[in-house]
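Please treat every number below as a calculation from the coordinates, not as lab data. Note that the coordinates shown come from a computational prediction; the quantities given were computed from them, not determined experimentally. Neighbour counts run over all protein chains shown; Cβ positions are idealised from the backbone, glycine included.
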Amino acid sequence: MNKRKNKGITIISLTITIILLLIIASITVSIGMNSLKDSKENLKLSELNMVQQAVLENYTKYKTTNNDIYILGNQVSYSDMQTLISEINSKNTTGENITLKVSDYTSGALDISIYYYELSQEDLEKMGISDTDETYIVNFSTGEVINKTLKVTGSGKPLYTHAMDLR
């Protein structure tokens with residue numbers, strides 16, 4: 001009778017199996033981390049658009065009723081805005097610098113729509129936006145919204161958006 005001895009798994013085949021499993025696990029973790037980073041970036045961009053919609057809605061109410069209770073926030077000086085835009089452009093990796101849409105930003109003017117306003121958490125809640133720790137600078141007439149807290153996404157895209165000039 002011819003009997004074969006069964007020696008089982010060799011150390012070499014076990015080592016190769018473990019190495020392959022580690023490679024597959026590292027690829028999976030890498031893909032998961034990228035997906036998490038992308039989802040956080042998309043969340044901030046969605047929040048930016050949500051703030052813009054609330055700003056445009058408030059501006060429409062202001063123009064309809066001529067009641068300035070819809071213009072929320074504290075005015076931001078032109079020099080502070082220029083500093084903020086410079087900071088954003090220095091971190092911007094998209095290659096396109098952003099510029100302010102309002103060119104007639106003068107103090108003492110009666111047209112409320114030419115100013116930029118910093119919205120506090122309380123202001124955002126009045127506009128129906130909660131669950132955010134960010135601070136936003138907005139212009140009601142142009143629909144410009146800037147995330148003052150983060151300024152840019154993790155990939156260097158400015159957290160800035162605007163609509164057409166509604167004045």
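Worth pointing out:
- Less than 5 angstrom separates the built amide H of residue 152 from those of 159, all sequence-distant by 5 or more or on a different chain.
- Mean separation of Cα contacts under 8 Å (6+ apart) over length of the chain, as relative contact order %: 24 percent
- Since only 71, 24, 83 are under comparison, the one whose Cα sits farthest along the positive direction of the charge dipole of the chain, derived from C-beta charges on Lys, Arg, Asp and Glu, is 24.
- Between helix 11-65 and the chain: long-axis angle, C-alpha atoms, 0 to 90°, nearest 10: 10 degrees
- Unsatisfied cross-links (Cα-Cα over 21 Å) in the set 101/157; 40/91; 61/126; 91/126: 91/126
- In the chain, the calculated helix contribution to ellipticity at 222 nm averages -16000 deg cm²/dmol per residue, counting -39,500 (n - 2.57) for every DSSP H run with n ≥ 4.
- DSSP-loop trypsin sites (Lys or Arg not before Pro) across region 1-100, with at most 13 other Cβ within 10 angstrom: 3, 4, 5, 7
- Cβ-placed point charges (K, R +1; D, E -1), dipole of region 11-161 about Cα centre in debye, nearest 20: 480 debye
- Helix axis angle, 78-91 relative to the chain longest principal axis, alpha carbon, degrees: 20 degrees
- For the chain, the gyration tensor built on C-alpha atoms gives a prolate shape. Its axis ratio a/c (a ≥ b ≥ c) is at least 1.5, and a/b is the larger of a/b and b/c.
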